[in-house]
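Visitor: Have a look at this one before I ask anything.
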Amino acid sequence: HSIGVKGTENLSKNKQSCGGATVPIVTETSAAFVVLRNQLNRLFSQRQGVRRNHLRVTGSLTVSNAMVKLYALSVFYKAPTEARLLKSAYDLQSFSFFQRGSVQEFISFASKTLVERTQAATRQSVKQDVYMCHVYVRADNLAAVLIADHEYPQRVGHTLLTKVLDDFSATVGSELWPVTTNEAAIQFGTLPATLNKYQDPREADALTRMQEDLDETKIILRNTIDAVLDRGEKLDDLVYKSESLSIQSKAFYKTAKKTNSCCNFA
């Protein structure tokens, strides 16, 4: 995909009610994550290619290990100065053992960055070539991020985020959200099972039947450059200043940027 995309907006007449307020779903195709995309793109493409081959053979949407469409599901609290990770789950089985650590760190880094730059009571979807980053920040600053391929239905993804946050807030007291610094301290063990369950398109169909409110959502479609990052920010600077990324992952990032591709581990 070319990053020289002209800005466009399409506004539908739909709206979603969230506590009496209209909550937009924002879809972004942002060049701010192009460098990060280059690192992960081939990895996701490899999985996507296997999935398409499986579909050609079976002609169905029956789930198999080759068809996983969800990669990560995370819950955050958006504090005034940063987003705090409360709980996360990953499915990185299709990646090389040696790649998984860096891939997981970059997914976590991208998810945190998205939450920090999404307003409260707002939904956003950042589209990259072969995957989508869906983020929902509630009015109370509890947030969730879903990393999926872009064939996973957008509205189903956002309905899943709503369900996860409802379940989380019913289980974990709000007094813990702002003070938690280690996700191991949070007693919410259902996230891995939820991530696994909704790999199945049939389960996604069940969520679709629950998404009547989301069907009423006002949708804003944009194609802009650097739409996620604040003015003057650069992804390079955020990566190198990040304390959550290891030295190994930063080296991985630097090498991948130079080669404009993902580091391959045979």
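The values are calculated or read from the model by the stated rules, or taken from the named source; none is laboratory data. Everything numeric in this text was worked out from a predicted model, so none of it was measured. Reconstructed Cβ throughout: ideal geometry from the backbone, glycine too, with neighbour counts over all protein chains shown.
Visitor: With respect to TYR152, is the statement that it is crowded, with 19+ Cβ neighbours inside 10 Å, assigned to a loop (DSSP other than H, G, I, E, B) and touching a Lys or Arg at 6+ places or on another chain (Cβ under 8 Å) true?
Guide: The answer is yes for TYR152.
Visitor: Here is a list of conditions, (1) surrounded by fewer than 23 Cβ atoms within 10 Å (Cβ to Cβ); (2) out of contact with any Ser or Thr (no Cβ under 9 Å at 6 or more places or on another chain), and SER108 meets all of them except one; can you say which number that is?
Guide: With (1) surrounded by fewer than 23 Cβ atoms within 10 Å (Cβ to Cβ); (2) out of contact with any Ser or Thr (no Cβ under 9 Å at 6 or more places or on another chain) applied to SER108, the lone miss is (2).
Visitor: State all residues of the range 113-126 that are surrounded by fewer than 20 Cβ atoms within 10 Å (Cβ to Cβ) and assigned to a strand (DSSP E or B); if no residue qualifies, say none.
Guide: Of everything in the range 113-126, just one residue is surrounded by fewer than 20 Cβ atoms within 10 Å (Cβ to Cβ) and assigned to a strand (DSSP E or B), namely THR122.
Visitor: If you don't mind, there's one more thing I want to ask. Among the residues of the range 164-191, what is the count of those that are hydroxyl-bearing (Ser, Thr, Tyr), in a loop (DSSP other than H, G, I, E, B) and more than 14 Å from LEU73 (Cβ to Cβ)?
Guide: Adding up the residues that qualify gives 3.
Visitor: Could you figure out which of (1) closer than 21 Å to LYS69 by Cα; (2) surrounded by 19 or more Cβ atoms within 10 Å (Cβ to Cβ); (3) not basic (Lys, Arg) isn't true of ALA193?
Guide: (2)
Visitor: Next question. Can you spot a residue in the range 193-201 that is modelled with pLDDT under 75 and not acidic (Asp, Glu)?
Guide: Among the residues of the range 193-201, at least one is modelled with pLDDT under 75 and not acidic (Asp, Glu), which makes the answer yes.
Visitor: Can you confirm whether LEU161 is in a strand (DSSP E or B) and within 18 Å of ASN196 (Cβ to Cβ)?
Guide: So LEU161 does not fit the description; no.
Visitor: Cβ-Cβ distance below 6 Å, separation of 6 or more or different chains: which pairs start in the range 93-111 with a residue that is closer than 13 Å to SER74 by Cα and end on one that is outside any loop (DSSP other than H, G, I, E, B) and not aliphatic (A, V, I, L, M)?
Guide: Listed pairs, sorted by first residue: GLN104/TYR90; GLU105/SER249; SER111/SER74.
Visitor: Sort through ALA110, ALA143 and tell me the only one that's among the hydrophobic types (A, V, I, L, M, F, W, C), closer than 25 Å to SER246 by Cβ and not in a helix (DSSP H, G or I).
Guide: Sole residue among the options that is among the hydrophobic types (A, V, I, L, M, F, W, C), closer than 25 Å to SER246 by Cβ and not in a helix (DSSP H, G or I): ALA143.
Visitor: Scanning the range 129-144 for residues that are out of contact with any His (no Cβ under 7 Å at 6 or more places or on another chain) and surrounded by 24 or more Cβ atoms within 10 Å (Cβ to Cβ), which turns out farthest from VAL179 (Cα to Cα)?
Guide: CYS133
Visitor: Here's something else I'd like to know. Restricted to the range 86-107, and to residues that are polar (S, T, N, Q) and either part of a strand (DSSP E or B) or in contact with a helix residue (DSSP H, G or I) (Cβ under 6 Å, 6 or more places away or on another chain) (or both), which residue is nearest to LEU142 (Cα to Cα)?
Guide: In this case the residue turns out to be SER88.
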